[in-house]
Amino acid sequence: MTPSNTAKTIQINGIVQGVGFRPFVYQLAQEYGLAGRVANTASGVQIHAEGTAQQLDGFVADLQSRKPILAHIVAVDIQKAAPAGYRQFKITKSQGAETRATLISPDVCLCADCRAELFDPRNRRYGYPFINCTNCGPRYTIIDDIPYDRPKTSMRYFKMCDQCQAEYDDPDDRRFHAQPNACAECGPHVSLFDNRQTPLDCSDPFVRTAKLLKAGHIVAIKGLGGYHLAVDATNDAAVERLRKRKHREEKPLAVMSADLAIVDAYASVTSAEAELLTSIQRPIVLLEKKMPEKLAFSVSPRNRFYGVMLPYTPLHELLLAQGFTALVMTSGNLSEEPIAIDNDEAFQRLGQIADYFLTHDRQIYLRSDDSIVRLAAGQTRPIRRSRGFVPIPVFLKAAVPQILACGAELKNTICLTKERQAFVSQHIGDLENLATEDFFRLTIAHLERILDITPELIACDLHPDYLSTQWAQAQSGRPVFRVQHHHAHVAACMAEHQLDDPVIGLAFDGTGLGTDQTVWGGEVLIADFGGFRRAAHLKPVPMPGSTAAIKAPWRMAIACLSQAYGGSLWDLDLPVLKTVDPEQAQIVARMCTQGINAPLTSSLGRLFDAVAAILGLRSDVAFEGQAAMELEMIADPGETERYDFTWSDTDTRQIAAAPIIQGVVSDIQRGLPAFIISAKFHNTLIDGFAMLCQELRKQYRLNQVALSGGCFQNRLLLEGLRKILKSYDFEVYCHRHVPANDGGIALGQALIAAAAAQAQPTKVEI
Ligand code: ZN
Ligand code: ZN
Ligand code: FE
């Protein structure tokens, strides 16, 4: 090697340990002919490199652009250094303790190299369902404690054979320090059982399982973050049977297909969606169906989309290789309960649903559902953020204290903060039963341990009845900070985009307790982390029967019609008035006028429900948001007209729903089709809120708009509002990293609590 004339010290922080980063640096240094060394440090990886300036520049650029797939670089610090006269490049021993400051990788899909070996009859791991390497395999779901080393994972029960150990010890091997490294000789194995836990004698469990599936049986399959319930997605009777047994009547079921070409036969896949499907996170991607429907009707009834994913573990690859168009792969649980992970627990809980069990002997320490994303406004929008993404933190603009935020009630996630990182947990679920509450507590304890976080402050929702709030308030010795739900939504969006100046926040969702004790959900807030001001909201309507109205949109229809027409609503000729029982309808109308069990709500989600019901789309729903979803799906994108959108000239503006409802009713009476009316309703909200934002911009001198809340899962609304606001020169911020729905709430709660703890005064005039 020629004598070096320059040297640099490069410190890299992020997910750079246990992901093959040092071997990568080593090989790159060889390529550039550099001398020096690389070592793990307490906070990442440190490199000392010597060579010509040109060599070093290329090396530094490639470090970032060619990094291993699991590596996630947060910061790179490059300093000039004195050449020490190294003659070669080496990987040196770790400097000091590899402490808990390093980040843990999420679980990621099988890599191309391992996949090739899996299907290569000459390879010693041919057909081995647990093949992995430094670039792929389980991480988050098998970790019990840190530092991330085999003895701290569920692989500790499998002693590596000599060959595996040799790979593990060799810096030149692609399995160097791959903690879950295994082979058929020394690693975990699959086995097939019937639902009474009797093993089935078979030479190839995958061939046998495929036969069972093709015969229409339901098979519980143990995967990476929990059990799936699988059934042939082209067999309508089998899918129906699964729905009945799982008590899941209408929500679409996710499917898995072997590759893109097969998916292309039943769903349309854009190139951006193909990229998402094949990304290392392998999420469920919402894809538009091809018509006529190629999969069983009951997979995704009355929905324009399929939730589709590709195989992400070798086990899935081997199963899908048996020749299926698609398998339904839905979470292994009873509706509303957490996904099963433990083998005995699975037989107990899923024995009534599944006919057979394809299971294995590697334990899952932390359950993690499949993530769900969709593409909207040209970006990935998470709907459920779990496997593949967690525990990658959201990187914050400034350091914050260690805080635990407990999230909301539905689609719960929790968030832990530390320095400039906010760790949002995987999807925990609806905190409505004991099983989910246990999972909630377990996730908090587990994450605190593996992230080494001891929260000094706890944040929770304002709602006193949420189990998450009650849990927070039962913790002694630490202050509890209660955060208004929609303020948290807006703050979550700000946190993602590293904003800290006040924004105009549009928080649109179904339900959240307001500071005036009414139910909010159509809120325009002037907000920063320190506080907020309610600048505008939908004019409240009664919610007859309180939460009963969520499952019965016809009740909201009566409430809105009653507000718009008073007693003369009964003279209207509307589909909804014909489908509901007249006596019931009268009772509900009286509840509204007399204020009996009818809390007031300004929720936009409920207004969607009301319009869907008035149109006769749906008077009852199986899950929250179903009516709104169906309303979105029928809208005619070519329609440009809209209804009146007006607001009061008061300090806190009230947006009148009555003119919108009257517009809808008169269009129904004119005989306009529902797809036009739905489009006009969407246009009304898009144009209307954009006009309102312009007025607020003048008043508050703010140009940043943050869009958050479950209603922004509606692609028409999100894309429409974003587009028009941008055309008015607003800076528009939408969720990319955490869901717009309540799955993102915990992040906002944490940042608001941090501002309070650090006594950051609000710049919002309240
Ligand atoms: Zn691999
Ligand atoms: Zn082995
Ligand atoms: Fe919400």
Report task. Filter the stretch 41-92 down to residues that are touching a residue at least 12 places away in the same chain (Cβ under 8 Å) and out of contact with any strand residue (DSSP E or B) (no Cβ under 9 Å at 6 or more places or on another chain) and give me whichever is farthest from Pro391 (Cα to Cα). Result -> Gly58
Query raised in the report: Going by the conditions given, is Ile143 more than 16 Å from ligand 1 (Cβ to nearest atom) and open to solvent by less than 10 Å² (accessible area, probe 1.4 Å)?
Result: yes
Query raised in the report: Is it true that some residue in the stretch 165-176 is away from ligand 2 (no atom under 16 Å from the Cβ), farther than 24 Å from Phe119 by Cα and not in a helix (DSSP H, G or I)?
Result: yes
**Report entry** Of residues in the stretch 488-536 being without any contact (Cβ under 8 Å) to a residue 60 or more places away in the chain and over 15 Å from Phe712 (Cβ atoms), the one least open to solvent (accessible area, probe 1.4 Å)
**Finding:** Leu513
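Okay, residues lined up against (1) among the small types (Gly, Ala, Ser); (2) open to solvent by less than 30 Å² (accessible area, probe 1.4 Å); (3) without any contact (Cβ under 8 Å) to a residue 40 or more places away in the chain:
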site	(1), (2), (3)
Pro637	no, no, no
Ala657	yes, yes, no
Gly671	yes, no, yes
Gly688	yes, yes, no
Query raised in the report: Restricting the stretch 202-237 to residues that are charged (D, E, K, R) and surrounded by fewer than 20 Cβ atoms within 10 Å (Cβ to Cβ), which is farthest from Thr141 (Cα to Cα)?
Result: Asp236
Query raised in the report: Asp500 fails exactly one of the following numbered conditions: (1) at negative phi; (2) part of a loop (DSSP other than H, G, I, E, B); (3) more than 26 Å from the chain's Cα centre (by Cα). What is the number of that condition?
Result: (3)
Query raised in the report: For the stretch 346-434, which strands (runs of 3 or more DSSP E) that fit wholly inside it have 3 or more residues that are within 16 Å of ligand 3 (Cβ to nearest atom)?
Result: 379-384
Query raised in the report: Which one is modelled with the lowest pLDDT, of the residues in the stretch 18-52 that are assigned to a loop (DSSP other than H, G, I, E, B) and farther than 20 Å from Cys136 by Cβ?
Result: Ala42
Query raised in the report: Taking the condition surrounded by 21 or more Cβ atoms within 10 Å (Cβ to Cβ) and under 37 Å from the mean Cα position of the chain (by Cα), does Thr579 pass?
Result: no
Query raised in the report: For the stretch 296-309, how many residues are open to solvent by less than 10 Å² (accessible area, probe 1.4 Å) and either in contact with a Lys or Arg (Cβ under 8 Å, 6 or more places away or on another chain) or modelled with pLDDT under 95 (or both)?
Result: 4
Report summary line: Of the residues in the stretch 330-339, those that are touching a Leu at 6+ places or on another chain (Cβ under 9 Å), open to solvent by less than 30 Å² (accessible area, probe 1.4 Å) and over 18 Å from Met256 (Cβ atoms) come to none
Report summary line: Residue pairs qualifying under the 8 Å Cβ cut-off, at least six apart or on distinct chains, with the first in the stretch 127-147 being assigned to a strand (DSSP E or B) and the second being within 7 Å of ligand 1 (Cβ to nearest atom) and of a type in the set (Ser, Thr, Tyr), are none
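The values are calculated or read from the model by the stated rules, or taken from the named source; none is laboratory data. Quick caveat: nothing in here was measured; it's all calculated off a predicted structure. So basically every Cβ, Gly included, is an ideal-geometry build from the backbone, and we count neighbours across all protein chains shown. All accessible areas refer to the heavy atoms of the entire protein, side chains included, with ligands and DNA or RNA removed. Shrake-Rupley method; radii C 1.70, N 1.55, O 1.52, S 1.80 Å.
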